[in-house]
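Comments concern the structure below.
The values are calculated or read from the model by the stated rules, or taken from the named source; none is laboratory data. Every value quoted in this text rests on a predicted model; they were computed, and no experiment measured them. Glycine gets a Cβ as well: all are built from the backbone with ideal geometry, and neighbour counts include every protein chain shown. Surface areas here come from the heavy atoms of the whole protein model, side chains and all, with no ligands, DNA or RNA. Shrake-Rupley method; radii C 1.70, N 1.55, O 1.52, S 1.80 Å.
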Amino acid sequence: LCARPHAAVDLHFDPIFIRRCAACGFRFADPVYDAEAITELYKSGYEGARHAQGQKINGDINVGLLKRILPGDARGDVLDVGSGFGFLAATLNQTTGLSVSGVELSDAERRFAMDELGVPTYGDLADIPEGKRFQVVTAFEVIEHIADPAGFLRALVDLVDDGGLLVIGTDNFECRAVQRLGRGFPKWVPHQHISCFHPASLERLIGEAPELSITRRMSYTPWEFTARAGLHALTGGRKGGRVF
């Protein structure tokens, strides 16, 4: 993330290492799939009932977050990047004055969003008409999947209208549950979660975009992580974790 040369091995999930930069603390997976393989993974292999269940839960949480950030009478176009099955977009379209469309690589999830929920969904950022801008761009649980987070952020910034909002949500890989569970933290999915942020590294990345200023920080801890960390402590590390 900061282009310094030294990043020692922090965790090992055979055959993938998680490295930590000695300069900025950013963690990242090594090695990673090449760009073509990553795209294919999400286009054809990212679907199913478990993904849908998780996205529905996350969607409800993130809708509540957005309603705290945006004024009650907010109007305009919103783009949800990594929109999945479209639950967040559909809820906002039904309950607010916002017009929400999505971007989703997964063919199956994109079809569900369009056919079952009526959410307009692009297949890629490159499919958005040139010059199109949005009052709000969201990217929840996406940037951790990106091998070039700086390039991804640049692409998002280019889609935000002047005075608009960019909302980024990702796992905090320095949170208390990570500190307690170590390799057993269930969000270590090293072939997919390849850019592992904590608050300081995410703010560092955002600070490199001159068009952006940080207006609000929010956090949310799922009860499951608190319960897992507690069980891990009570059992001396025998239970609670889930190693990939």
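Please provide three numbers in whole Å: the alpha-carbon extents of the range 52-99 along the principal axes, with the largest listed first.
30, 18, 17
Running a GNM on the chain with Cα contacts under 10 Å, which residue among Asp127, Asp77, Asp161 ends up with the highest mean-square fluctuation?
Residue with maximal mean-square fluctuation among Asp127, Asp77, Asp161: Asp127.
Find out how many positive minus negative residues lie around Leu92, taking Lys and Arg as positive, Asp and Glu as negative, among other residues whose Cβ is under 11 Å from that of Leu92.
Result for the local shell: 0.
I need the P(r) histogram for the chain: all alpha carbon pairs, bin width 5 Å from 0 out to the longest distance, whole percents.
1, 6, 13, 17, 19, 18, 14, 8, 4, 1, 0, 0
Taking the simple approach of a point 7 Å from Cα along Cα-to-Cβ for both Ala49 and Tyr220, what is their distance in nm?
It works out to 2.4 nm between the two label points.
Have a look at the range 62-187 and give its Rg and Dmax from the Cα atoms, expressed in angstrom.
Cα-based Rg and Dmax for the range 62-187 come out at 15.3, 46 Å.
Rounding to the nearest 20 debye, state how big the charge dipole of the chain is about its Cα centre with +1 on each Lys and Arg Cβ and -1 on each Asp and Glu Cβ.
Computed charge dipole of the chain: roughly 1360 debye.
Rolling a 1.4 Å sphere over the protein heavy atoms, what is the accessible area per residue of the chain, to the nearest Å²?
53
Output the peptides 223-230, 103-110 sorted from most to least packed, where packing is the average of other Cβ atoms within 10 Å over each peptide's residues.
Result, highest mean Cβ count within 10 Å first: 103-110, 223-230.
Counting only protein heavy atoms and using a 1.4 Å probe, what share of the accessible area of the chain belongs to carbon plus sulfur, as a whole percent?
51
Which value in Å does the Kirkwood hydrodynamic radius of the range 183-244 take, with 1/r averaged over all unlike C-alpha pairs and then inverted?
It works out to 14.2 Å.
Rounded to the nearest 10 Å², what accessible area does Thr221 show when all protein chains are kept and the probe is 1.4 Å?
Solvent-accessible area, nearest 10 Å²: 90 Å².
For Lys43, go through the lysines and keep the ones whose alpha-carbon is under 28 Å away, minus same-chain ones fewer than eight residues off.
Those lysines meeting the cut-off are Lys56, Lys132, Lys187.
How much mean residue ellipticity at 222 nm does the chain get from its helices, if each DSSP H run of length 4 or more adds -39500 (n - 2.57) and you divide by all residues, to the nearest 500 deg cm²/dmol?
Helix contribution divided over all residues of the chain: -10500 deg cm²/dmol.
Below 8 Å, C-alpha to C-alpha, sequence gap of six or more: please give me the relative contact order for the chain in percent.
17
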